[in-house]
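Asks: Pasting a structure here, questions to come.
The values are calculated or read from the model by the stated rules, or taken from the named source; none is laboratory data. The structure displayed is predicted, hence computed values, not measured ones. Positions of Cβ are backbone-derived with ideal geometry, glycine not excepted, and every protein chain shown enters the neighbour counts. Ligands, DNA and RNA are excluded from the accessible area calculation, which covers all protein heavy atoms including side chains. Shrake-Rupley method; radii C 1.70, N 1.55, O 1.52, S 1.80 Å.
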Amino acid sequence: MSKPTPISGFPEWTPGQRMIEQFVLGKIRDTFELYGFAPLETRAVEPLDQLLRKGETSKEVYVIRRLHADAEGAGGDDHLGLHFDLTVPFARYVLENAGKLAFPFRRYQIQKVWRGERPQEGRYREFVQADIDIVDRDTLAPHHEAEMPLVIGDALRALPIPPVTIQVNNRKIWEGFFRGVGVTDPEAALRTVDKLDKIGPAKVVELLAETAGASEAQAKACLALAEISAPDASFADAVRALGVTDPLLDEGVDELVRVVETAAGHSPGLCVADLRIARGLDYYTGTVYETQLRGYERFGSICSGGRYDNLATAGTTSYPGVGISIGVTRLLGLLFGAGELSVSRSVPTCVLVALADEEHRAASDTIAAALRRRGIATEVSPSAAKFGKQIRYAERRGIPYVWFPGADGVADEVKDIRSGEQVMADAQAWTPPAADLRPAVN
């Protein structure tokens, strides 16, 4: 077999990196559950018509099909695609299970998703997202929109990563502003404004005219709104100073003030009102979020989401929600690339039980079993080499302790191979320092 060629965009972490990922996911999961979110996992595939009905996603969806067609006729696989986020499948799940759910329904979901975009640093085709959403029946109280940044702030603050800034805006501000200045195609205008950081102001003005029918004066007014940013509720005064009036604009400003003030009370400096944040997907209807990792701003958001009112509807009943998603693989990929995260050892093993000879393997296995029953990760030496070689084996793998079984009435001993200290020990009682029990992530 020839050497395999890597496939770009589908990361495969080393064991050490995978341990860091598991640590990060555990911390995120713990925070989500502290806020009362229950776990959920949905299937990997969704009908294509559901995946494509909202937003500019047709170029991103991976379609699945069977290698050999069903002889009895089409089985429907050609109409399925891998989910590109976790919000669309969650909305479908809510519709299918509404009769079993207690509303408002709070769930978290940590799964892989697939998106067919051009791989680059921090962007992948297969990646893990960690989502939270709150969904209610018919109406969803706006205070839930203010809660999202608090959860994410706590989750990310529990990790050994640089600080984050959550940029918040409200789609009602933009839609109301478009109505107030007379822009006739607000959806097209919003998608254009969302590209401001990528294409610059001059190109945005040009595209607003081409795609949304905006005049030069209207386009410049939109740019003036996009330039407003503040770490507190003072952004509201800057919006009103533009002289545009509309009830939906006022509603959006009031809702965003609540989000910013709630975040400031919980964690000063966590949130910034940044009115250029729009989010490209069409299903967002209220507050939207993007999160910058300080020092990595050039790579874009590592956590985003927003309020959606019309994604899940059944007849006259709607299920409005608000959610936010951490791009776990994106976050880790950036930090791994910069050498910012490390683990104290690349294996979970804390103790290697040495082996005098193969005839005594059963005795070493018994010691290992006793340590494992007490929660100490242990393995037995793979061979009965000289003890020096067994110690070097432990060193290469980062295992901190080597256990030497006693014989003929001689007590067992355990050696800290970092310091060289060696003491008598009993597998039923000995415990390593807490810092050595599990690999430490730094």
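Asks: For residue 287, state whether it is surrounded by fewer than 17 Cβ atoms within 10 Å (Cβ to Cβ) and closer than 30 Å to residue 96 by Cα.
Replies: No: the conditions fail for residue 287.
Asks: Additional query: What is the one condition in (1) assigned to a helix (DSSP H, G or I); (2) touching a residue at least 60 places away in the same chain (Cβ under 8 Å); (3) hydrophobic (A, V, I, L, M, F, W, C); (4) open to solvent by 10 Å² or more (accessible area, probe 1.4 Å) that residue 239 does not satisfy?
Replies: Result: residue 239 passes all but (4).
Asks: When the residues of the stretch 41-66 are narrowed to those that are at pLDDT below 80 and not β-branched (Val, Ile, Thr), which ends up most open to solvent (accessible area, probe 1.4 Å)?
Replies: 59
Asks: Within the stretch 228-246, which residues are of a type in the set (S, T, N, Q) and touching a strand residue (DSSP E or B) at 6+ places or on another chain (Cβ under 7 Å)?
Replies: 229
Asks: Then there's this: Collect the residues in the stretch 333-358 that are within 22 Å of residue 392 (Cα to Cα) and either touching a Cys at 6+ places or on another chain (Cβ under 6 Å) or in a helix (DSSP H, G or I) (or both), keeping them in residue-number order.
Replies: Correct list: 358 only.
Asks: Still on this structure, I have one more. Working carefully through the options 329, 262, find the one that is polar (S, T, N, Q), farther than 20 Å from residue 105 by Cβ and open to solvent by less than 30 Å² (accessible area, probe 1.4 Å).
Replies: Sole residue among the options that is polar (S, T, N, Q), farther than 20 Å from residue 105 by Cβ and open to solvent by less than 30 Å² (accessible area, probe 1.4 Å): 329.
Asks: Related question: Going by the conditions given, is residue 282 closer than 29 Å to residue 191 by Cβ, open to solvent by 30 Å² or more (accessible area, probe 1.4 Å) and of a type outside the set (Val, Ile, Thr)?
Replies: yes
Asks: Among what's in the stretch 367-387 and is in a helix (DSSP H, G or I) and in contact with a Ser or Thr (Cβ under 7 Å, 6 or more places away or on another chain), pick the residue that is most open to solvent (accessible area, probe 1.4 Å).
Replies: 372
Asks: Of a type in the set (Asp, Glu), at pLDDT 95 or above, loosely packed, with under 15 Cβ neighbours inside 10 Å and outside any loop (DSSP other than H, G, I, E, B): does that describe residue 436?
Replies: no
Asks: Something else: If you take the residues in the stretch 388-429 that are open to solvent by less than 50 Å² (accessible area, probe 1.4 Å) and at positive phi, which one is farthest from the chain's Cα centre (by Cα)?
Replies: The extreme case among them is 420.
Asks: Another question about this same structure. Which one of 251, 340 is acidic (Asp, Glu), within 25 Å of residue 18 (Cα to Cα) and either open to solvent by 20 Å² or more (accessible area, probe 1.4 Å) or out of contact with any helix residue (DSSP H, G or I) (no Cβ under 7 Å at 6 or more places or on another chain) (or both)?
Replies: Only one candidate passes the filter, namely 340.
Asks: Return a yes/no flag: does the stretch 74-93 have any residue that is at pLDDT 85 or above, over 22 Å from residue 327 (Cβ atoms) and open to solvent by 30 Å² or more (accessible area, probe 1.4 Å).
Replies: Looking through the stretch 74-93, at least one residue is at pLDDT 85 or above, over 22 Å from residue 327 (Cβ atoms) and open to solvent by 30 Å² or more (accessible area, probe 1.4 Å).
Asks: Out of the stretch 157-190, which residues are in contact (Cβ under 8 Å) with a residue 40 or more places away in the chain, in contact with a helix residue (DSSP H, G or I) (Cβ under 6 Å, 6 or more places away or on another chain) and within 17 Å of residue 283 (Cα to Cα)?
Replies: 168, 170, 172, 173, 174, 175, 176, 190
Asks: Let me ask something else about it. Read through the list (1) in a strand (DSSP E or B); (2) out of contact with any strand residue (DSSP E or B) (no Cβ under 6 Å at 6 or more places or on another chain), then give the number of the only condition that residue 305 fails.
Replies: Among (1) in a strand (DSSP E or B); (2) out of contact with any strand residue (DSSP E or B) (no Cβ under 6 Å at 6 or more places or on another chain), residue 305 violates only (2).
Asks: Test of understanding: among 18, 115, which residue is under 23 Å from the mean Cα position of the chain (by Cα), at pLDDT 90 or above and open to solvent by 50 Å² or more (accessible area, probe 1.4 Å)?
Replies: 18
Asks: Tell me which residues, restricted to the stretch 207-231, are out of contact with any Phe, Trp or Tyr (no Cβ under 9 Å at 6 or more places or on another chain), in a helix (DSSP H, G or I), more than 30 Å from residue 264 (Cα to Cα) and of a type in the set (Gly, Ala, Ser).
Replies: 209, 217, 219
Asks: Can you pull out every residue in the stretch 94-112 that is open to solvent by 10 Å² or more (accessible area, probe 1.4 Å) and outside any helix (DSSP H, G or I)?
Replies: 101, 102, 103, 104, 105, 106, 108, 110, 111, 112
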